[in-house]
1. Report, please, the projected area of region 9-123 averaged over directions, based on the convex hull of its C-alpha atoms, in nm².
2. Using a 7 Å offset from the Cα along the Cα-to-Cβ direction at both Ala75 and Arg19, what is the distance between the two label points in nm, to one decimal?
3. With every protein chain left in place and a probe of 1.4 Å, what is the accessible surface of Thr100, to the nearest 10 Å²?
4. Any chance you could list the semi-axes, whole Å, largest first, of the equivalent ellipsoid that the Cα gyration tensor gives for region 26-66, using √(5λ)?
5. How large a share of the accessible area of region 14-110, in percent, is made up of carbon and sulfur atoms when the probe is 1.4 Å and the other protein chains stay in place?
6. Could you tell me the calculated FRET efficiency between Thr31 and Ser85, based on Cβ-Cβ distance and R0 = 41 angstrom, to the nearest 0.05?
7. Charges on Cβ only, +1 for Lys and Arg, -1 for Asp and Glu, centred on the Cα centroid of region 1-70; of Leu11, Thr58, Ser25, which one is farthest towards the dipole's positive end?
8. What's the magnitude of the charge dipole for region 1-104 around its Cα centre, counting Lys and Arg as +1 and Asp and Glu as -1 at the beta-carbon? Answer in Debye, nearest 20.
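The values are calculated or read from the model by the stated rules, or taken from the named source; none is laboratory data. Worth saying up front: this structure is predicted, and the values here are computed from it rather than measured. Using ideal geometry, Cβ is built from the backbone for each residue, glycine included, and neighbour counts are taken over all protein chains shown. All accessible areas refer to the heavy atoms of the entire protein, side chains included, with ligands and DNA or RNA removed. Shrake-Rupley method; radii C 1.70, N 1.55, O 1.52, S 1.80 Å.
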Amino acid sequence: QVQLVESGGGLVQAGGSLRLSCAASGGTFSTYAMGWFRQAPGKEREFVAGISRNGVITRYADSVKGRFAISRDNAKNTVYLQMNSLKPEDTAVYYCAATTGPTNQPMGAWNYWGQGTQVTVSS
C-alpha cells in the first residue's frame with residue numbers, strides 16, 4: 001500500500017509561483033508513474049501533469065503547458081509540481097497520484113491518491 005502526502009499549497013497572487021511536493025511511502029516509488037490532478041469548486045477532477053517512472057517522459061494538460069513543470073526524485077521518493085505564472089483559474093485542490101500503468105490512462109485506473117493540498121490564486 002502506497003501512501004501519498006502532498007504539501008506546498010497556499011495562497012498566492014496571480015503571476016506568482018508555488019512548488020508542490022508529494023512524498024510517497026509504503027512502496028517502491030520508482031516502479032510507479034506519478035501524476036498531479038486538480039479539482040476546482042463545482043468542477044470535476046482533471047489531469048494536470050504526469051511523469052514516467054524514470055522521469056524522462058512528461059505530459060501536461062494544455063491549460064498548464066509552459067507554466068507548470070513536473071519532476072521527481074526517486075532517491076527521495078518525492079514528486080514535485082513547479083507552478084509559475086499562476087492564474088485565478090488555477091485555484092483548486094491539487095492531488096498527487098500513483099499508477100502502475102501509463103500516465104495517459106483514465107483517472108479511475110490510477111492506483112493511489114493523496115489527500116490533496118489547496119492552491120488559491122488571487123486576482
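1. 6.7 nm²
2. The answer from the label model is 1.6 nm.
3. Number for this one is 90 Å².
4. Working: eigenvalues 104, 42, 5 Å².
Over the Cα atoms of region 26-66, the semi-axes work out to 23, 15, 5 Å.
5. That share works out to 49 percent.
6. Numbers: r = 33 Å, r/R0 = 0.81.
Using R0 = 41 Å, I get an efficiency of 0.80.
7. Ranked along the dipole, the leading option is Thr58.
8. Working: 11 positive and 7 negative charges, 34 e Å.
Computed charge dipole of region 1-104: roughly 160 debye.
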